[in-house]
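> Handing you this structure, nothing more for now.
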Amino acid sequence: MERFSEISHPENPSSLSMGQASAIPVDRDIAPDASMMRLGELLVARGHVRMADVETALQIQEAGGGRIGALLVRTGALSEDLLLRTLSDQLGATYLVDGGDFPDSLSMYQFMSDSPIRMDWFLDHGVLMWSEGEKLHCIARDIVDPSLLETIEYFYAGHTINLCLAANHQIDRLVDFVRKERAIERLFASDDVRQLREMAEEAPVIELVNNLLSQAVDLNASDIHVEPAEENFTVRMRIDGVLHTRLAQPMERFPAVASRIKLISGIDIAERRLPQDGRITARISGREMDIRVSTVPCAFGESVVLRLLAKERGEFDLPGLGIQSDHLEMFRGWLRVSNGIVLVTGPTGSGKSTTLAAALQDLNDGVKKIITVEDPVEFQLPNITQIQTHAEIGYTFARALRAILRQDPDVIMIGEIRDLETAEIAIRAALTGHVVLSTVHTNDAISSYTRLIDMGIEPFLVASPMRGVQAQRLLRRTCSKCVVPAEPPPLDVRERLERIAPQMVGDRWVRANGCSLCQGTGYRGRVGIYEMVPMSDELQDLIVGGASLNDLKRFASDRGYRTLAEDGLIKASQGHTTLEEVARLTLTSSE
């Protein structure tokens, strides 16, 4: 409380107001009666304290020094708020109350960093300055300190200064912020590994990264994107398949945040020229999480992406994925064959791994030997042998597949068919009595056949072992709390629904609204839409005969196989999602 001043002896320069002790113009409006009275007299005149309280404070001051105002607060005779309000009138200073006109912390720090006055002086004297247009503002522990007046007068001669008073805890908070920002900024000046490590272990950086991870888990985000730009870096989170900006920070903070993420994920924090991958296993917001981290050099630093996977996903269930009854019967029929390949296709983040995990659970009857080859192993499944590939040591999908064929499996799940060698071994396994489940990256189901041919597989080898292909997407599900009814769909949508069995089409059309539960988006959670094309003799003949992709698509359409868009319209008619969401994900995927 030493920061509070008292006007008691006019002949003492330290007891004068800012305007009396300095030639600096001061933005103030002092009440004549208040400015001419001593602080103790003014407090008594206003009924804030008794004269006996002032006399007691004067005795303490005479014995040990200190300001009258601070001593009155310490003895409990006066509240800090009343003292500041009285000093505000006496000195013509602005009193910044809690939640009032406090400066933006980063703007204030930037002004002080660029000031001709050394930062050490600001911190040693408890002085905080910032600007609003042409006007300068100043908070100080003691706004009538002669050294403060002389310093500001020297460096800011001719400027008008608005003097401000604030509570102890507010000044301490701002000073502490400045100290931390300065410490981090000093670490930014060096690329030394030791300095980078120290920077990553600064308390504010640890807190920021931990908060981002907790936010992501609480919001059920699937990914966190940390993206540097020229002046700022942004943090975006993919929630229900859509990216939302959650944070924007000055670029000066980016090295600390990136280094922290790299440090806890086991990535080399000094390497910024090559892509790197890492992994974090941690308990966040009460949930056990596996986090895959990827860093890639870009124009302004490194793009950092974190993929969040909950270890505890509960039971995987095919009906719970939102598969319509006819599609579910078809898919289970593919799984029950004695041999052959079943492919699931779609872009990254479309739920392929979840579908395959549910399929394996459906197959896991206790009498089959099931082995998976994955990169990485995303879901821990009971009674299933799961193998993690390590390409960096030569343990690739193809090499792992060769090994597991000697393990006498009944069902093999390959995380992804990425190259010709893996595709050939998968086909060989299917032709020798195994059920093979895998994924490929194509826009729709029928394109999977041409994708395998493009890899170099002979058309007859593509057609022979294939049992069926499923394409899928994940649509955002409407928020149950704020969903509202919508008008019936336009004519073109109704005409398209006529191709679908009437018992599948509902009449509950809805639109997204937005509330606090769904972060104002109108959507919460996701539901799958599916396209399934089974293998048939006619389709085999087309593939072996070298039919074009358009011919294959025409065949699928003529046989009445539903497209992703049509399955999405079923979900929309049942009130699970909206027409706008169906159009967003399927407008160019299969049409």
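> What's the total number of residues in the stretch 560-586 that are over 27 Å from the mean Cα position of the chain (by Cα) and free of Cβ contacts under 8 Å to residues at least 12 places away in the same chain?
We begin by selecting, within the stretch 560-586, every residue over 27 Å from the mean Cα position of the chain (by Cα); these are 560-575, 579.
Adding the requirement that they be free of Cβ contacts under 8 Å to residues at least 12 places away in the same chain leaves none.
Selection size over the stretch 560-586: 0.
> A follow-up question, please. If you scan the stretch 284-312, which residues turn out to be assigned to a strand (DSSP E or B), within 17 Å of the chain's Cα centre (by Cα) and not β-branched (Val, Ile, Thr)?
First, pick out the residues of the stretch 284-312 that are assigned to a strand (DSSP E or B): 284, 287-298, 301-310.
If we keep only those that are within 17 Å of the chain's Cα centre (by Cα) too, we end up with 284, 287, 289-295, 302-310.
Residues satisfying the conditions are Arg287, Met289, Asp290, Arg292, Ser294, Glu302, Ser303, Leu306, Arg307, Leu308, Leu309, Ala310.
> Restricting to the stretch 236-262, what's the tally of residues that are surrounded by fewer than 20 Cβ atoms within 10 Å (Cβ to Cβ), not in a helix (DSSP H, G or I) and not charged (D, E, K, R)?
9
> Out of all the residues in the stretch 347-359, is one or more open to solvent by 50 Å² or more (accessible area, probe 1.4 Å), over 23 Å from Met504 (Cβ atoms), among the hydroxyl-bearing types (Ser, Thr, Tyr) and assigned to a loop (DSSP other than H, G, I, E, B)?
Within the stretch 347-359 (the criterion being open to solvent by 50 Å² or more (accessible area, probe 1.4 Å), over 23 Å from Met504 (Cβ atoms), among the hydroxyl-bearing types (Ser, Thr, Tyr) and assigned to a loop (DSSP other than H, G, I, E, B)), the answer is yes, since at least one residue qualifies.
> Here is a further query. Kindly indicate the residue of the stretch 128-151 that is more than 38 Å from the chain's Cα centre (by Cα) and touching a residue at least 60 places away in the same chain (Cβ under 8 Å) and also farthest from Asp172 (Cα to Cα) among those meeting that condition.
Of the stretch 128-151, the ones more than 38 Å from the chain's Cα centre (by Cα) are 141-151.
In the following step, the residues that additionally are touching a residue at least 60 places away in the same chain (Cβ under 8 Å) were identified as 141-146, 149-150.
Numbers: Arg141: 10, Asp142: 13, Ile143: 15, Val144: 19, Asp145: 18, Pro146: 22, Leu149: 21, Glu150: 23 Å.
Filtering the stretch 128-151 for residues that are more than 38 Å from the chain's Cα centre (by Cα) and touching a residue at least 60 places away in the same chain (Cβ under 8 Å), the one farthest from Asp172 (Cα to Cα) comes out as Glu150.
> Further question: Scan the stretch 36-59 for residues that are assigned to a helix (DSSP H, G or I) and surrounded by fewer than 17 Cβ atoms within 10 Å (Cβ to Cβ) and report the count. Walk me through how you get there before you give the answer.
Residues of the stretch 36-59 assigned to a helix (DSSP H, G or I): 39-45, 51-59.
After this cut, where a residue has to be surrounded by fewer than 17 Cβ atoms within 10 Å (Cβ to Cβ) as well, the list is 41, 45, 51-52, 55-56, 58-59.
So the answer is 8.
> Can I ask one more? Determine whether Leu405 is closer than 23 Å to Ala221 by Cβ, assigned to a helix (DSSP H, G or I) and touching a residue at least 12 places away in the same chain (Cβ under 8 Å). Give the steps one after another, and end with the answer.
Details: closer than 23 Å to Ala221 by Cβ: no; assigned to a helix (DSSP H, G or I): yes; touching a residue at least 12 places away in the same chain (Cβ under 8 Å): yes.
When the stated conditions are applied, Leu405 does not pass them.
> Considering only the stretch 263-277, how many residues are open to solvent by less than 50 Å² (accessible area, probe 1.4 Å), of a type outside the set (A, V, I, L, M, F, W, C) and over 18 Å from the mean Cα position of the chain (by Cα)?
Start the filter on the stretch 263-277 by keeping residues that are open to solvent by less than 50 Å² (accessible area, probe 1.4 Å), which leaves 263, 265, 267, 269-271, 276.
Pick out the ones that are also of a type outside the set (A, V, I, L, M, F, W, C) and you get 265, 271, 276.
So of that shortlist, the ones also over 18 Å from the mean Cα position of the chain (by Cα) come out as 271, 276.
The total comes to 2.
> Checking the conditions here, which among Thr432, Thr422, Thr389, Thr348 is closer than 28 Å to Arg473 by Cα, modelled with pLDDT of 90 or more and of a type in the set (S, T, N, Q)? Lay out the reasoning, then the answer.
Numbers: Thr432 fails: closer than 28 Å to Arg473 by Cα; Thr389 fails: modelled with pLDDT of 90 or more; Thr348 fails: modelled with pLDDT of 90 or more.
None of the others qualify; the one that does is Thr422.
> What's the number of the only condition in (1) of a type outside the set (A, V, I, L, M); (2) in a helix (DSSP H, G or I); (3) closer than 30 Å to Gly394 by Cβ; (4) open to solvent by less than 20 Å² (accessible area, probe 1.4 Å) that Arg428 fails to meet?
Arg428 satisfies every listed condition except (4).
> Let me ask something else about it. Would you mind telling me which numbered condition in (1) among the charged types (D, E, K, R); (2) modelled with pLDDT under 90; (3) more than 20 Å from Ala221 (Cβ to Cβ) Lys311 fails?
All conditions pass for Lys311, except number (3).
> Of the residues in the stretch 312-345, how many are open to solvent by less than 40 Å² (accessible area, probe 1.4 Å), under 30 Å from Ala282 (Cβ atoms) and either in contact with a strand residue (DSSP E or B) (Cβ under 8 Å, 6 or more places away or on another chain) or of a type outside the set (A, V, I, L, M, F, W, C) (or both)?
Number of matching residues: 2.
> Give the residues of the stretch 91-127 that are among the acidic types (Asp, Glu) and free of Cβ contacts under 8 Å to residues at least 60 places away in the same chain, sorted by residue number. Before the answer, list the steps.
Of the residues in the stretch 91-127, the ones among the acidic types (Asp, Glu) are 98, 101, 104, 114, 120, 124.
Once the filter is applied, which keeps residues that are among the acidic types (Asp, Glu) and free of Cβ contacts under 8 Å to residues at least 60 places away in the same chain, the stretch 91-127 yields Asp101, Asp104, Asp114, Asp120, Asp124.
> Say we look at the stretch 386-402 and pick out the residues that are open to solvent by less than 60 Å² (accessible area, probe 1.4 Å) and over 23 Å from Leu452 (Cα atoms); which of these is farthest from the chain's Cα centre (by Cα)? First the steps, then the outcome.
The initial filter retains those residues of the stretch 386-402 that are open to solvent by less than 60 Å² (accessible area, probe 1.4 Å), namely 386-389, 394, 396-398, 400-401.
Keeping just the survivors that are over 23 Å from Leu452 (Cα atoms) gives 386-388, 394.
Details: Gln386: 30, Ile387: 30, Gln388: 27, Gly394: 34 Å.
Here the answer is Gly394.
> What about Arg67, is it touching a Ser or Thr at 6+ places or on another chain (Cβ under 9 Å), among the charged types (D, E, K, R) and touching a residue at least 24 places away in the same chain (Cβ under 8 Å)?
Details: touching a Ser or Thr at 6+ places or on another chain (Cβ under 9 Å): yes; among the charged types (D, E, K, R): yes; touching a residue at least 24 places away in the same chain (Cβ under 8 Å): yes.
The answer is yes for Arg67.
> I'm told Gly568 meets every condition in (1) open to solvent by 10 Å² or more (accessible area, probe 1.4 Å); (2) part of a helix (DSSP H, G or I) except one. Can you identify the failing condition by its number?
(1)
> Further question on the same structure: Under 7 Å between Cβ atoms, at least 6 apart or on separate chains: pull out the pairs that start in the stretch 335-349 with a residue that is over 18 Å from Glu531 (Cβ atoms) and end on any residue that is open to solvent by 10 Å² or more (accessible area, probe 1.4 Å) and among the basic types (Lys, Arg).
Partner pairs satisfying both residue conditions: Val337/Arg467; Gly340/Arg467.
> So Thr160 clears everything in (1) surrounded by 16 or more Cβ atoms within 10 Å (Cβ to Cβ); (2) touching an Asp or Glu at 6+ places or on another chain (Cβ under 6 Å) except one condition, right? Which one?
Condition not satisfied by Thr160: (1).
> If you scan the stretch 540-565, which residues turn out to be of a type outside the set (D, E, K, R), in contact with an Asp or Glu (Cβ under 8 Å, 6 or more places away or on another chain), in a helix (DSSP H, G or I) and open to solvent by 20 Å² or more (accessible area, probe 1.4 Å)? Break it down stepwise before answering.
Taking the stretch 540-565 as the starting set, the residues that turn out to be of a type outside the set (D, E, K, R) are 540, 542-550, 552, 555-557, 560-561, 563-565.
From what's left, in contact with an Asp or Glu (Cβ under 8 Å, 6 or more places away or on another chain): 542, 555, 561, 563-565.
Now narrow it down to the ones that are in a helix (DSSP H, G or I): 542, 555, 564-565.
Passing the criteria: only Leu542.
> May I ask you to say which residue of Gly301, Gly320, Gly241, Gly333 is of a type outside the set (A, V, I, L, M, F, W, C) and touching a helix residue (DSSP H, G or I) at 6+ places or on another chain (Cβ under 7 Å)? Steps first, answer last, please.
On the way: Gly320 fails: touching a helix residue (DSSP H, G or I) at 6+ places or on another chain (Cβ under 7 Å); Gly241 fails: touching a helix residue (DSSP H, G or I) at 6+ places or on another chain (Cβ under 7 Å); Gly333 fails: touching a helix residue (DSSP H, G or I) at 6+ places or on another chain (Cβ under 7 Å).
Just a single option satisfies the conditions, and that option is Gly301.
> Shifting gears a bit: Among the residues of the stretch 60-72, what is the count of those that are part of a helix (DSSP H, G or I) and open to solvent by 30 Å² or more (accessible area, probe 1.4 Å)? If you could, list the steps in order and put the result at the bottom.
So the first thing to find is which residues in the stretch 60-72 are part of a helix (DSSP H, G or I), and the list is 60-64, 68-72.
Checking the rest, the ones that are also open to solvent by 30 Å² or more (accessible area, probe 1.4 Å) come to 60-64.
Count: 5.
The values are calculated or read from the model by the stated rules, or taken from the named source; none is laboratory data. Because the structure is predicted, anything quoted here is derived from the model rather than measured. Cβ coordinates were reconstructed from backbone atoms using ideal geometry, including for glycine residues, and neighbour counts include every protein chain displayed. When the accessible area is computed, the model is the full protein with side chains, heavy atoms only, and any ligands, DNA or RNA have been set aside. Shrake-Rupley method; radii C 1.70, N 1.55, O 1.52, S 1.80 Å.
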